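Structure record follows, encoded as structure tokens.
The values are calculated or read from the model by the stated rules, or taken from the named source; none is laboratory data. In this text, all values refer to a predicted model and were calculated from it rather than measured experimentally. Cβ coordinates were reconstructed from backbone atoms using ideal geometry, including for glycine residues, and neighbour counts include every protein chain displayed. Heads up: the accessible areas ignore ligands, DNA and RNA and are worked out on the full protein's heavy atoms, side chains in. Shrake-Rupley method; radii C 1.70, N 1.55, O 1.52, S 1.80 Å.
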Amino acid sequence: MSKYYLLQDKKKCIGCHSCEIVCKSNKSLPVGPKLCQIITVGPKMINGLPKAAYVFMPCFHCENPWCVAACPTGAMQKRAKDGIVFVDHSLCVGCKACITACPWGAPQWNPEIGKVVKCDYCKDRIDDGLKPACVTVCTTHCLSFGLTETLPDIRRQRHAEAVAGLDA
């Protein structure tokens, strides 16, 4: 795993897709590839009311990324300093082996450049001390980003709030 986490509070997400839009803009992506994506689940009738959920799907930056192992040229790499998985486009030959290998659909095909693109947590922004673009524009603040050592505290807080039944 990366030394970072990117979490979504599904209760806060309204499915506005602003995260997807800013991601595409930040990476200058054409129509087609989505490095992160909001998947709508539902609507489903619950207690007589239509309900839907919006699930944020980025790259998970796996501990042993299958995309890195499948890449024949070494274009798909994992940064040693923080575990961020990224594509070196100077090495990518467009074979799409990483797309086939990833069970999460994280690597995407960019037809304009004939190479694979994927979420890299906006590593250029992180290196500058900023958060990923998707996190910064989230209108409901349902996305959070930080160091994994703070993750247990966040999960405990969410669980405590759910058990207390005080969340809206």
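General observations
- Helix axis angle, 151-164 relative to the chain longest principal axis, alpha carbon, degrees: 20 degrees
- Each Lys and Arg Cβ is given +1 and each Asp and Glu Cβ -1; about its Cα centre, the chain then shows a dipole of about 300 debye.
- Taking the square roots of 5 times each eigenvalue of the Cα gyration tensor of the stretch 103-166, largest first, gives ellipsoid semi-axes of 31, 15, 12 Å.
- Calculated from backbone phi, Karplus (6.51, -1.76, 1.60) coupling profile of the stretch 62-69 in Hz, x at Gly/Pro: 4, 4, 10, x, 5, 5, 5, 5
- With a cut-off of 14 Å between beta carbons, the residues surrounding Thr73 carry a summed charge of +1, where Lys and Arg count +1 and Asp and Glu -1.
- Most mobile of His17, His61, His89 in a GNM of the chain (Cα contacts under 10 Å): His89
- Two numbers describe the Cα atoms of the stretch 70-137: Rg and Dmax, which are 12.5, 36 Å.
- Whole-number Å³ per residue for the convex hull built on Cα positions in the stretch 33-72: 93 Å³
- Per residue, the stretch 19-103 exposes 56 Å² of solvent-accessible protein surface, assessed with a 1.4 angstrom probe and all protein chains in place.
- Taking all pairs of distinct alpha-carbon atoms in the chain, Kirkwood radius in angstrom: 17.2 Å
- When Rg and the Kirkwood Rh are both derived from Cα coordinates, the Rg/Rh ratio for the stretch 1-95 amounts to 1.07.
- Computed from backbone phi, the HN-Hα couplings of the stretch 136-141 come to 5, 9, 4, 5, 9, 6 Hz, rounded to whole numbers (Karplus: 6.51 cos²θ - 1.76 cosθ + 1.60, θ = phi - 60°; Gly and Pro given as x).
- Ranking Pro50, His17, Ser90 by how far each Cα lies toward the positive end of the dipole of the chain (charges on Cβ) leaves Pro50 at the top.
- Whole-percent carbon and sulfur share, accessible surface of the chain, 1.4 Å: 58 percent
- Phi-based couplings in Hz for the stretch 32-37 (Karplus 6.51, -1.76, 1.60; Gly and Pro marked x): x, x, 10, 6, 10, 8
- Summed residue charge, Cβ within 15 Å of Cys98's Cβ, Lys/Arg positive, Asp/Glu negative: +2
- Close amide H contacts of Lys115 (hydrogens built in the peptide plane, cut-off under 5 Å, sequence separation of 5 or more or a different chain): Asn110.
- Hits among lysines - C-alpha to C-alpha of Lys3 under 16 Å, sequence gap 8 or more where chains match: Lys78, Lys81, Lys123, Lys131
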